[in-house]
Amino acid sequence: MSSDNGRSTPRNRGVGMLIITAYGIFAVSAFARAFYQITPFPQQDKVQFADAPLALSLSGFAAAVYILAALALARTTTVAWKVALVAVLIEMVGVIGVGAWTLMQPELFEVATVWGGFGRDYGYIPLVLPFVGLFWLLKHRSAH
């Protein structure tokens, strides 16, 4: 943290911008994946929502969490900090819970999700990202 007249760098600047960018990329990526998976395109080889509602719903939920986290991390208000904290904690529980669930009951997850296999399809970044986000948020606790 750099100092400017005794004030620290806002959490959405410097390294914080990299974290926000990562969340933004995952927000767009997860949303695109969920949109494609859930939208009933008339393709014969595409799994439809009725065939895998659990996995496809989890894809949509992950997208919503990433969008919320990215938006909240980009703001510097106390409310935004709290929203970001909740979103990152939900993400952490989600990636660990869904990751374990996909290993214990793979038959329920014939369609891949962002958090499936602890984020295996995304280079395990979904498993690491909430820990980085949580560390950053706790390092930059809201002043109020």
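The values are calculated or read from the model by the stated rules, or taken from the named source; none is laboratory data. Predicted model, so just to flag it, every value in this text is computed and none were measured. Glycine also receives a Cβ, built like all others from the backbone with ideal geometry; neighbour counts cover every protein chain displayed. Protein only, heavy atoms only, side chains kept; ligands, DNA and RNA dropped before computing areas. Shrake-Rupley method; radii C 1.70, N 1.55, O 1.52, S 1.80 Å.
Here are some notes:
Rundown of residues vs (1) surrounded by 17 or more Cβ atoms within 10 Å (Cβ to Cβ); (2) in contact (Cβ under 8 Å) with a residue 40 or more places away in the chain; (3) closer than 24 Å to LEU18 by Cα, yes/no style:
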residue: SER59; (1), (2), (3): yes, yes, yes
residue: VAL65; (1), (2), (3): yes, no, yes
residue: ALA80; (1), (2), (3): yes, no, yes
residue: VAL86; (1), (2), (3): no, no, yes
residue: GLU107; (1), (2), (3): no, no, no
residue: VAL111; (1), (2), (3): yes, yes, no
residue: TYR124; (1), (2), (3): no, no, yes
residue: LEU134; (1), (2), (3): no, yes, yes
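- Checklist (1) assigned to a helix (DSSP H, G or I); (2) more than 22 Å from PHE35 (Cα to Cα); (3) in contact (Cβ under 8 Å) with a residue 60 or more places away in the chain applied to LEU138, failing item: (3)
- Residue ID - modelled with the highest pLDDT, chosen from residues in region 7-32 that are in contact with a helix residue (DSSP H, G or I) (Cβ under 8 Å, 6 or more places away or on another chain) and open to solvent by 50 Å² or more (accessible area, probe 1.4 Å): PHE31
- You will find that of VAL95, VAL86, the residue that is closer than 20 Å to PHE31 by Cβ and in contact with a helix residue (DSSP H, G or I) (Cβ under 7 Å, 6 or more places away or on another chain) is VAL95 and no other.
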